[in-house]
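The next block holds one structure in the form of structure tokens; read it before the comments.
The values are calculated or read from the model by the stated rules, or taken from the named source; none is laboratory data. For clarity, every value in this text was computed on a predicted model and none was experimentally measured. FYI the Cβ positions are ideal-geometry reconstructions off the backbone, even for glycines, and counts take in every protein chain you see.
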Amino acid sequence: MNPIQEHSVSVSDPGLKDGVTALQATHDEPPAIVSISDIHGYLDRARSALLSLRDRSRHDPIVQTDDTGRLQWANENYILIFNGDLIDRGPANEAVLQMVSRLGAQAPTGRVRVTLGNHEAIALSADHYPYSGWYAGQSDVQDRRALLHSIRDGFVVAAYQGYNYTYAHAGSNEPYDVKETNQQLLAAAEDLLGAIGTQTDATRQKAVIDRYSRVLGTGNGVSPKGEGAGLVWLDFAHLSADAPAQIVGHTKFKTPQQKGQVICQNVIRRNEHQNNLWW
């Protein structure tokens, strides 16, 4: 997962790392939040979604293209959240990771946020999960180390507190404190970094799933997405109507779904061959 570190992106200020509060307090006009989830290596679909704001006269663009066609930060008043699962399934994992890291480096600190998805979580514990055909199975120790560093440096978090909603990849039925939850993911990354490349690496990869189950835990029963799963794994079907207000991805739909105060935005792959893209 080295390409996500092509550009060094560090968000050390908790006020910028965990939520919008610090930016809201220091700007006369609070930044608008744009969120996109479950890109899954489909670079063209991600580009289409991010560029669609320039086609709407009521909105400033969030990105623009350079002379080579690559996306660049447009320097407008936005927060861009990549809400998990940048990788797997599509043909352009590395190009997606390069795009995300480039935008993170170009934007002011805290304006591009990445929440951990279950596919990134699989890469954290690649020896534990039997997915040799996915990115985790094709990455090496240095790739895992780069992902862990992106968590340590605050670029990748478990959750982000917006104005009215918390952004997390899969969500939770129970209320959770974003700062504490992000500290759990940080602690997991530090645990993994302490063992990476050693004889205890594989056992540590399994241990963090149980130790930091609020974020990384898998569900009860056959599916890792089942009841009791953590913030990166829980299926939308298991979110209750009285769950906290959240924007999630993870579970694939044709159009955005709402259940109580939870909105699921994972629609890119279901609209892969459509000219009109919900995002």
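What the table shows:
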item	result
Complete set of residues in the stretch 230-252 that are over 17 Å from the mean Cα position of the chain (by Cα) and either surrounded by fewer than 16 Cβ atoms within 10 Å (Cβ to Cβ) or within 18 Å of ASN182 (Cα to Cα) (or both)	ALA237, SER240, ALA241, ASP242, PRO244, ALA245
Residue count for the stretch 78-113, restricted to those that are modelled with pLDDT under 95 and in a loop (DSSP other than H, G, I, E, B)	5
Within the stretch 143-188, considering residues that are within 23 Å of ALA126 (Cβ to Cβ) and touching a Gly at 6+ places or on another chain (Cβ under 7 Å), the one surrounded by the most Cβ atoms within 10 Å (Cβ to Cβ)	HIS169
Unmet requirement for ASP140, which otherwise passes all of (1) surrounded by fewer than 17 Cβ atoms within 10 Å (Cβ to Cβ); (2) in contact (Cβ under 8 Å) with a residue 40 or more places away in the chain; (3) of a type in the set (D, E, K, R)	(2)
Residue check, GLU94 acidic (Asp, Glu), surrounded by fewer than 24 Cβ atoms within 10 Å (Cβ to Cβ) and touching a residue at least 60 places away in the same chain (Cβ under 8 Å)	yes
Cβ pairs under 7 Å, 6+ apart, first in the stretch 34-58 and more than 20 Å from LEU116 (Cβ to Cβ), second among the acidic types (Asp, Glu) and part of a loop (DSSP other than H, G, I, E, B)	ARG45/GLU272
Selection within the stretch 12-30 - part of a loop (DSSP other than H, G, I, E, B) and either at pLDDT below 95 or of a type in the set (Phe, Trp, Tyr) (or both)	SER12, ASP13, HIS27, ASP28, GLU29, PRO30
Candidates LEU186, LEU193, filtered to the one that is under 19 Å from the mean Cα position of the chain (by Cα) and closer than 26 Å to PRO14 by Cβ	LEU186
